[in-house]
Amino acid sequence: MRFAILVVSGAIALSCSATSAVGGCSPEALAKCRDTNQLIWNKTFEDSLRRFFGHRRADYLYEGNPLVSDQAIAVLGGPPDAPQRIGDLWRFTACRAHSCPEKGAAVLKPDGELVAVAILHSPCRELGRRMDCSSHWTLSIFIHPSSRSTMVIENLSEWGKAEVDAEYHPQGLPVDQLDGIEVIKL
């Protein structure tokens, strides 16, 4: 937050405005990002995410064929993780607020360009779903093909599997499993 004191007709007024880069974090300054929330709350990143997906629609988290970009924002906007490096790339991960088994990941180049976005989701939003739907997961990876695609897909696949394996398994309920990984080339 930036604060300014204004004097208007002899009265003092306090003005505050939010900067677009929380703690200096921005797509152009990824090393300054403490966690995924700092990046997702940046308007420049949100705009980049919307451009990355365009008008693509799917039913990953919600019914009714919503924008994939809105669903990516949902899974990246909840409880955050610290960023991780994949070579010179950055991986930012978080989970969906109030539904943390649903998770998201964004992989960016050092200049802030999006390389890939992944959404970890279950079939529970489907009508007529299975009773054990919350134990079955799919990782959908959206990627711009490049020479590093294989490395990024492998990293995101390992991340998705580790996240599913780390979920709490109450006694008597089915163990969570990653049923599939789908790669969507943009």
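What is the local net charge at Ile153, summed over the other residues whose Cβ is closer than 13 Å to its Cβ (Lys, Arg +1; Asp, Glu -1)?
Around Ile153, the surrounding residues sum to +1.
Highest mean first, what order results for 71-84, 166-179 on Cβ atoms within 10 Å?
Most protected by this proxy first, the peptides run 71-84, 166-179.
Between beta-carbons, use under 12 Å as the cut-off and find the net charge around Ala106, counting Lys and Arg +1, Asp and Glu -1.
Residues near Ala106 contribute 0 overall.
With charges only on Cβ, +1 for K and R and -1 for D and E, what is the dipole size of the chain about its Cα centre, in debye, rounded to 20?
540
Name the shape class, rounded, prolate or oblate, that the alpha-carbon gyration tensor gives for region 25-185, where a ≥ b ≥ c are the square roots of its eigenvalues, rounded holds for a/c under 1.5, and otherwise prolate holds if a/b is larger than b/c and oblate otherwise.
prolate
Report the number of Lys pairs in the chain whose alpha-carbons are under 21 Å apart, with separation of 8 or more residues or on distinct chains.
Count of close lysine pairs: 8.
Work out, step by step, the length gained on full extension between Asp165 and Arg130: first 0.36 nm times the residue separation, then minus their alpha carbon distance; give nm to one decimal.
The Asp165-Arg130 span can extend by a further 10.6 nm.
Find how much the distance from His144 to Asn65 grows on full extension, using 0.36 nm per residue of separation minus their present alpha carbon separation; answer in nm with one decimal.
Going from the current span to full extension adds 26.2 nm.
Provide the net charge surrounding Leu67, with neighbours chosen by a C-beta distance below 9 Å and charges set as Lys +1, Arg +1, Asp -1, Glu -1.
Result for the local shell: +2.
Please list the non-local residues whose amide H lies under 5 Å from the amide H of Ala116, H modeled 1.01 Å from N, same-chain partners needing a gap of 5 or more.
HN-HN under 5 Å from Ala116: Val107.
Sorted by packing (mean other beta-carbon atoms within 10 Å per residue), highest first, where do 132-140, 118-126, 101-109 land?
101-109, 118-126, 132-140
Just to confirm my numbers, what's the Cα centroid distance between region 115-159 and region 69-95 in Å?
With region 115-159 and region 69-95 each reduced to a Cα centre, they are spaced 13 Å.
Lys/Arg Cβ at +1, Asp/Glu Cβ at -1, dipole of region 133-186 taken about the Cα centre: which of Leu178, Ser140, Val152 is farthest positive-ward?
Val152
All of the numbers you see were taken from the coordinates with simple rules; none came from a lab. Treat the numbers as computed from the prediction; the structure is a model and nothing was measured. Cβ sites come from the backbone with ideal geometry, for glycine too, and all protein chains shown count toward neighbours.
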